[in-house]
Amino acid sequence: MTINEKLTKLRGLMQQNGVDTYIITKNDPHGSEYAKAYWSGVKFISGFTASMANVVVTLDRAIVWTDSRYTIQAEIELGGTEFETFSIADPENGNLLDFVAKNTKSGGTIGFDSRTLLARTVLDLKSKIGDSGIKLNPNLDLLGEIWENKPVPTSDKVFEHELKYCGVSRAEKIANVREQIKAKNGDVYVISSLDDIAWLFNLRCNDADSNTTFESYAFVSEGKVALFAHPQKIADVKSMLENEGIDVLAYNDAKAYISNEIKGKTVLIAPSKTCYNLYEALESSKIVELDFDITTKMKAVKNSVEIENARNAHLKDGISVTRFMKWIKENVGKTPMNEYTAGEMLDNMRKDADTFVHKSFNTICGYMPNGAIIHYRAEESTALPINPSGVLLVDSGGNYLDGTTDITRTIAMGEVTNEMKEDFTLVLKGLINLSMAKFIKGSTGAVLDVLARSALWDEGKDYKHGTGHGIGQFLSVHEGPQNISSRSTVVLEEGMMISNEPGFYKKDEYGIRSETIILVKPFKETEYGEFLEFETLTMSPFDLELIIKDMLTEKELKWLNDYHAEVYEKQSKYLNEEEKAWLKNATRAI
Ligand SMILES: [Mn+2]
């Protein structure tokens with residue numbers, strides 16, 4: 001079926017159902033960053049594969065909303081179809097909800113599959129429609145009727161994430177959640193967020209697409225705790241959970257069970273993670289809205305067992321990155337390679353580590369102009385060949401039983417310009433200054449963001465992305481609630497892990513980014529307050545060939561040399577003689 005044929009079929013169904021405007025999103029029912037393949041309705045109907053994309057189909061128009069990162073991709077992938085593209089930054093038409101509210105006639109109907117719209121979105125839509133006379137039909141899975149060969153859940157089974165990796169038992173976590181339900185004056189707490197549920201029950205699934213989560217809902221009250229998951233996936237751990245007093249029920253029964261259990265109760269939920277389909281069932285009870293799940297904050301503060309495991313995972317991961325840097329520097333210009341094959345080489349090197357499960361996201365390997373595309377992903381057929389000059393940006397990570405990693409290194413492939421070195425060094429100064437930060441307890445990431453940008457700002461340069469995101473433990477590579485950006489509102493606490501990833505992107509020429517994961521830990525307590533600092537968990541060298549030593553202050557230089565000495569000390573015992581010699585030179589004091 002061509003895209004235009006699919007649109008014709010969809011419009012036929014819209015007319016049969018009395019729908020004038022139909023909304024299709026990339027969301028799953030859980031607000032996940034990476035939804036399972038069977039939720040990829042946008043890709044099915046439009047062929048558009050960007051990570052940020054929503055679609056509206058009316059009886060005479062078809063529109064994709066995306067952001068500026070994907071403008072070129074939209075031109076290519078949507079070319080020759082009926083689809084128009086709107087940028088979310090467009091002041092006129094950038095807001096999808098405003099568009100549908102404005103462009104649906106009074107008395108007309110907006111339809112959607114309420115599993116794919118978050119409660120927050122539908123509540124916004126309702127307020128935009130107001131008393132215009134437009135009706136909503138929220139439970140219409142029209143795509144399901146025309147989607148041939150729709151992907152189905154994988155057969156991967158849920159397994160236990162052992163106590164030696166996660167450090168705290170399910171029973172203890174559930175008891176803590178119950179205390180917080182009480183503290184927030186709730187009776188019942190309903191969780192939709194998949195990584196929160198995986199964390200709470202100490203369960204994981206080695207699923208496709210870099211995911212360790214499994215589709216589920218959870219219900220916690222004073223007397224009950226229930227987990228809803230696809231029966232074939234949860235089979236191996238079902239009796240273990242039931243023996244601990246956890247009700248294990250079918251995923252598709254969640255809505256009915258929850259509606260029944262919440263009558264007359266006060267329900268806690270996070271509307272930013274709850275789909276409207278489930279929210280509808282809660283609407284008749286008293287709802288206390290959470291900005292984010294109770295478990296999200298608990299999960300973000302890592303315990304001592306998780307921290308020790310993470311140190312190990314980052315060391316193993318860093319060794320793979322070191323081996324990759326050695327390999328690519330020694331082979332560029334001799335062995336044919338492109339962005340795609342180089343990325344695969346690194347992915348394969350990671351597989352040697354004993355606790356490695358899969359990559360934590362799709363490797364970004366961008367050579368020269370492609371390095372300047374922030375979310376670039378090389379495709380086998382269009383990857384640029386890598387030549388022995390210029391810079392290669394590699395952002396990658398692994399999911400290990402003992403931790404999740406995310407590391408970016410920018411590597412000189414041969415001769416580089418002075419401008420590239422200057423930009424690399426400005427970015428590195430930012431990374432170092434954030435790494436060295438001491439800050440008073442109570443600070444948010446917004447207080448620290450400038451540290452990573454200041455050297456660039458001195459030169460009138462900047463990067464258009466946040467500086468840092470939280471990271472999971474054998475879970476999602478991006479997790480909240482903390483982050484480092486000018487808009488951050490969450491206080492950084494001891495035990496939180498966060499990325500430190502300033503960059504600089506010269507459009508059509510080259511991209512530079514350096515990234516480590518840093519851990520918040522105590523610094524000192526004085527008469528003026530309690531102070532915190534960071535420990536760098538990521539272990540792999542920064543390319544000395546790209547550093548202009550004279551641009552570094554004495555303090556920055558000392559940090560760099562100390563860090564490199566630590567990388568060598570920790571990694572060398574796992575390396576062979578040849579690798580050791582290479583790393584010795586790559587981490588030499590400058
Ligand atoms: Mn990152």
Q. Of (1) touching a Leu at 6+ places or on another chain (Cβ under 7 Å); (2) of a type outside the set (Gly, Ala, Ser); (3) surrounded by fewer than 16 Cβ atoms within 10 Å (Cβ to Cβ), Glu179 satisfies all except one. Which?
A. (1)
**Q.** Every residue from segment 539-590 that is hydrophobic (A, V, I, L, M, F, W, C) and over 22 Å from Lys316 (Cβ atoms)
**A.** Leu544, Leu546, Ile547, Ile548, Met551, Leu552, Leu557, Trp559, Leu560, Ala589, Ile590
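Could we say that Val19 is buried (at least 17 other Cβ atoms within 10 Å of the Cβ), without any contact (Cβ under 8 Å) to a residue 40 or more places away in the chain and assigned by TED's automatic domain parsing to the domain that holds Thr81 here?
no
Only one of Ala235, Ala229, Ala313 is touching a residue at least 12 places away in the same chain (Cβ under 8 Å), more than 24 Å from Thr116 (Cα to Cα) and surrounded by 22 or more Cβ atoms within 10 Å (Cβ to Cβ); which? Don't jump to the end; show me each part of the working.
Values: Ala235 fails: surrounded by 22 or more Cβ atoms within 10 Å (Cβ to Cβ); Ala229 fails: more than 24 Å from Thr116 (Cα to Cα).
Selected residue: Ala313, the only one of Ala235, Ala229, Ala313 that is touching a residue at least 12 places away in the same chain (Cβ under 8 Å), more than 24 Å from Thr116 (Cα to Cα) and surrounded by 22 or more Cβ atoms within 10 Å (Cβ to Cβ).
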**Q.** Subset of segment 94-145 that is β-branched (Val, Ile, Thr) and not in a strand (DSSP E or B) - its residue that is surrounded by the fewest Cβ atoms within 10 Å (Cβ to Cβ)
**A.** Ile129
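Going through Tyr189, Tyr165 one at a time, which residue ends up being among the aromatic types (Phe, Trp, Tyr), farther than 25 Å from Gly398 by Cα and either out of contact with any Phe, Trp or Tyr (no Cβ under 6 Å at 6 or more places or on another chain) or at pLDDT 95 or above (or both)?
Values: Tyr165 fails: farther than 25 Å from Gly398 by Cα.
The unique qualifying residue is Tyr189.
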Q.
Looking only at segment 449-479, filter to residues that are assigned to a loop (DSSP other than H, G, I, E, B) and aromatic (Phe, Trp, Tyr); which one of those is surrounded by the most Cβ atoms within 10 Å (Cβ to Cβ)?
A. Phe474
Q) Among (1) touching an Asp or Glu at 6+ places or on another chain (Cβ under 8 Å); (2) more than 16 Å from the ligand (Cβ to nearest atom), which single condition is Asn418 missing? A) (1)
Q. For segment 413-435, what are the residues that are under 30 Å from Val490 (Cα atoms) and out of contact with any strand residue (DSSP E or B) (no Cβ under 8 Å at 6 or more places or on another chain)?
A. Thr425, Leu428, Lys429, Gly430, Ile432, Asn433
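I need the helices (runs of 4 or more DSSP H) fully contained in segment 248-300, keeping only those with at least 1 residues that are in contact with a helix residue (DSSP H, G or I) (Cβ under 6 Å, 6 or more places away or on another chain) and polar (S, T, N, Q). Write out each step before concluding.
Numbers: elements: 254-261, 276-282, 294-300.
Because the criterion is at least 1 residues that are in contact with a helix residue (DSSP H, G or I) (Cβ under 6 Å, 6 or more places away or on another chain) and polar (S, T, N, Q), the helices (runs of 4 or more DSSP H) in segment 248-300 that meet it are 254-261, 294-300.
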**Q.** Single match in Asp406, Asp402 (criterion: within 18 Å of the chain's Cα centre (by Cα), closer than 23 Å to Ile518 by Cα and among the acidic types (Asp, Glu))
**A.** Asp406
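Kindly indicate the residue of segment 406-415 that is more than 23 Å from Met52 (Cα to Cα) and within 16 Å of the ligand (Cβ to nearest atom) and also surrounded by the fewest Cβ atoms within 10 Å (Cβ to Cβ) among those meeting that condition. Spell out how you get there, then give the answer.
Of segment 406-415, the ones more than 23 Å from Met52 (Cα to Cα) are 409-415.
The next check asks that each one be within 16 Å of the ligand (Cβ to nearest atom); those that pass are 409-410.
Values: Arg409: 24, Thr410: 28.
Among them, the one singled out is Arg409.
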(Q) Quick check on segment 453-466. Is at least one of its residues free of Cβ contacts under 8 Å to residues at least 40 places away in the same chain, within 30 Å of Ile386 (Cα to Cα) and within 15 Å of the ligand (Cβ to nearest atom)? (A) yes
(Q) Tell me the residue from Lys507, Lys555, Lys573, Lys521 that is more than 27 Å from Val391 (Cβ to Cβ), among the basic types (Lys, Arg) and surrounded by fewer than 13 Cβ atoms within 10 Å (Cβ to Cβ), please. (A) Lys573
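Given the criterion more than 17 Å from the chain's Cα centre (by Cα) and either away from the ligand (no atom under 16 Å from the Cβ) or touching a residue at least 24 places away in the same chain (Cβ under 8 Å) (or both), identify the matching residue among Ile517, Ile471, Ile512, Ile484.
On the way: Ile517 fails: more than 17 Å from the chain's Cα centre (by Cα); Ile471 fails: more than 17 Å from the chain's Cα centre (by Cα); Ile484 fails: more than 17 Å from the chain's Cα centre (by Cα).
Going through Ile517, Ile471, Ile512, Ile484 in turn, the sole match is Ile512.
Identify the residue in segment 54-87 that is among the polar types (S, T, N, Q) and over 25 Å from the mean Cα position of the chain (by Cα) and, among all such residues, is farthest from Lys105 (Cα to Cα). Give the derivation first.
Pass one, segment 54-87, residues among the polar types (S, T, N, Q): 54, 58, 66, 68, 71, 73, 81, 85, 87.
Still in the list and also over 25 Å from the mean Cα position of the chain (by Cα): 58, 81.
Details: Thr58: 11, Thr81: 25 Å.
Going through the qualifying residues, I end up with Thr81.
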Q: Name every residue in segment 343-376 that is surrounded by fewer than 19 Cβ atoms within 10 Å (Cβ to Cβ) and basic (Lys, Arg), in order of residue number.
A: Lys351
Q. How many residues are in contact with a Gly (Cβ under 8 Å, 6 or more places away or on another chain), over 16 Å from Ser540 (Cβ atoms) and within 16 Å of the ligand (Cβ to nearest atom) when one looks only at segment 365-403?
A. 5
Q) Within segment 489-508, how many residues turn out to be assigned to a loop (DSSP other than H, G, I, E, B) and within 15 Å of the ligand (Cβ to nearest atom)? A) 2
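The values are calculated or read from the model by the stated rules, or taken from the named source; none is laboratory data. Treat the numbers as computed from the prediction; the structure is a model and nothing was measured. Methodologically, a virtual Cβ is constructed for each residue, glycine included, from the backbone with ideal geometry; neighbour enumeration extends over all protein chains shown.
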